[in-house]
Amino acid sequence: MEIPVFLFTGFLDSGKSTFINDTLHDEDFATGEKTLLILCEEGEVEFDEEELRQGNTFIERVENEEDLTPDFLRTCSSQYKPRRVIVEFNGMWRLKKFMETELPRKWVMAQILCTIDSTTFNMYINNMKSLVMEQVTFADLIIINRCGDDTDQTMFRRNIKAVNRMAQIIYESADGHVLSPQEEQLPFDLSKPEITVCDDDFGIWYLDAMDHPEKYAGKKVTFRAIVYKNREIPKGCFVAGRFAMTCCAEDIAFIGLLSNYEFSDELKVKDWIWVTATVKGEYHPLYQGEGAVLYVEEIRKADKPEEDLVYFN
């Protein structure tokens with residue numbers, strides 16, 4: 001039987017310990033299964049070890065990053081023989097390094113959850129952007145807490161979806177209530193059957209079209225893009241997209257939409273083009289799910305724009 005591992009990430013005072021404590025006391029989770037809780041940092045919220053032990057949860061602490069090794073994890077597995085594992089990760093440690101660590105036999109990463117304090121996010125993103133985005137990149141679920149009426153949910157969504165389109169985002173108020181997501185303010189009129197996406201708005205349009213392809217189904221869209229092709233892209237298709245700064249100047253990625261075009265063989269990689277296409281919402285393996293797929297009606301040569309990088313802020 002597989003042993004699920006639940007990994008909680010986030011910086012100190014982002015609400016990890018509170019979230020874990022609430023989870024351990026949740027009736028749906030606290031079913032008496034033997035649980036190992038590995039704590040990699042000490043937050044303001046303390047765990048009542050005796051109470052947790054009575055609920056069949058046991059704590060192991062790791063003070064140094066270099067001690068979180070495969071041997072340590074195997075020792076924990078042998079000593080406690082848990083049925084599930086919770087790891088409260090240290091927000092200052094490299095998550096990618098831990099994700100590459102070999103887990104004990106039968107341990108399986110079940111879910112990665114990231115907590116973000118909305119009031120300190122900008123400070124961390126300005127000073128430790130690579131650490132923030134690393135946590136966001138691996139997360140399945142992101143909880144943005146301590147939100148108020150003035151919290152700019154759009155800013156969070158764009159930063160997160162730029163590096164992790166599949167992540168689920170939940171916004172919580174200071175008292176722990178789940179908030180309804182704010183409606184995205186788009187720079188173009190969705191009520192019209194034809195949309196022209198200017199260069200500055202490509203990133204916004206890309207995120208919204210991939211998250212909500214149904215909003216664009218049947219609409220005709222025109223935008224400037226770069227041609228991209230590789231062996232994974234089906235014959236008769238190419239990807240129309242742009243290079244985007246997703247984290248920092250050293251972290252630039254190509255983002256784009258699968259485009260069906262019968263003359264795709266005539267297009268050269270990295271050529272700039274104007275694309276006019278009809279949008280459909282479809283499942284495709286390249287997206288690992290549903291997304292916006294383009295059916296190209298016209299291709300025209302284009303000049304390279306003055307600013308060729310896409311930003312999401």
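The values are calculated or read from the model by the stated rules, or taken from the named source; none is laboratory data. None of these values were measured; they are calculated from a predicted model. Here the Cβ positions follow ideal geometry from the backbone for every residue, glycine too, while neighbour counts run over all protein chains shown.
Any residue in region 125-146 that is of a type in the set (Ser, Thr, Tyr) sitting within a Cβ distance under 7 Å of a residue that is surrounded by fewer than 18 Cβ atoms within 10 Å (Cβ to Cβ)? List the pairs, counting only those 6 or more apart or interchain. Once the first residue is of a type in the set (Ser, Thr, Tyr) and sits in region 125-146, its partners that are surrounded by fewer than 18 Cβ atoms within 10 Å (Cβ to Cβ) give 130/248.
Listed here are the residues, each with its yes/no results for (1) outside the structural domain of residue 18 (by TED's automatic domain parsing); (2) at pLDDT below 90.
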position	(1), (2)
136	no, no
140	no, no
143	no, no
147	no, no
151	no, no
160	no, yes
164	no, yes
184	yes, yes
188	yes, yes
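In region 19-38, the residues that are more than 24 Å from residue 174 (Cβ to Cβ) form Cβ pairs under 8 Å with partners that are exposed (fewer than 14 other Cβ atoms within 10 Å of the Cβ) and modelled with pLDDT of 90 or more, at six or more places apart or across chains, as follows: 34/81; 38/61. Consider residue 8 carefully, then state whether it is touching a helix residue (DSSP H, G or I) at 6+ places or on another chain (Cβ under 7 Å), closer than 27 Å to residue 125 by Cβ and outside any loop (DSSP other than H, G, I, E, B). The answer is yes for residue 8. Does residue 86 satisfy the condition of being under 19 Å from the mean Cα position of the chain (by Cα) and surrounded by 13 or more Cβ atoms within 10 Å (Cβ to Cβ)? Spelling it out, it is not the case that residue 86 is under 19 Å from the mean Cα position of the chain (by Cα) and surrounded by 13 or more Cβ atoms within 10 Å (Cβ to Cβ).
Selection within region 162-189: residues that are in contact with a helix residue (DSSP H, G or I) (Cβ under 7 Å, 6 or more places away or on another chain) and loosely packed, with under 12 Cβ neighbours inside 10 Å. The member of this set that is farthest from residue 19 (Cα to Cα) is 187. Among the residues making up region 16-47, those that are modelled with pLDDT under 90 and surrounded by 12 or more Cβ atoms within 10 Å (Cβ to Cβ) are 25, 29, 30, 31, 42, 43, 45.
Here's the yes/no breakdown for (1) closer than 25 Å to residue 216 by Cβ; (2) under 16 Å from the mean Cα position of the chain (by Cα):
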| position | (1), (2) |
| --- | --- |
| 138 | no, yes |
| 147 | no, no |
| 155 | yes, yes |
| 165 | yes, yes |
| 168 | yes, yes |
| 184 | yes, no |
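For region 194-282, which fully contained strands (runs of 3 or more DSSP E) count at least 2 residues that are out of contact with any strand residue (DSSP E or B) (no Cβ under 8 Å at 6 or more places or on another chain) and surrounded by 15 or more Cβ atoms within 10 Å (Cβ to Cβ)? Full working, then the answer.
Working: elements: 194-196, 220-228, 237-245, 252-260.
In region 194-282, there are no strands (runs of 3 or more DSSP E) which contain 2 or more residues that are out of contact with any strand residue (DSSP E or B) (no Cβ under 8 Å at 6 or more places or on another chain) and surrounded by 15 or more Cβ atoms within 10 Å (Cβ to Cβ).
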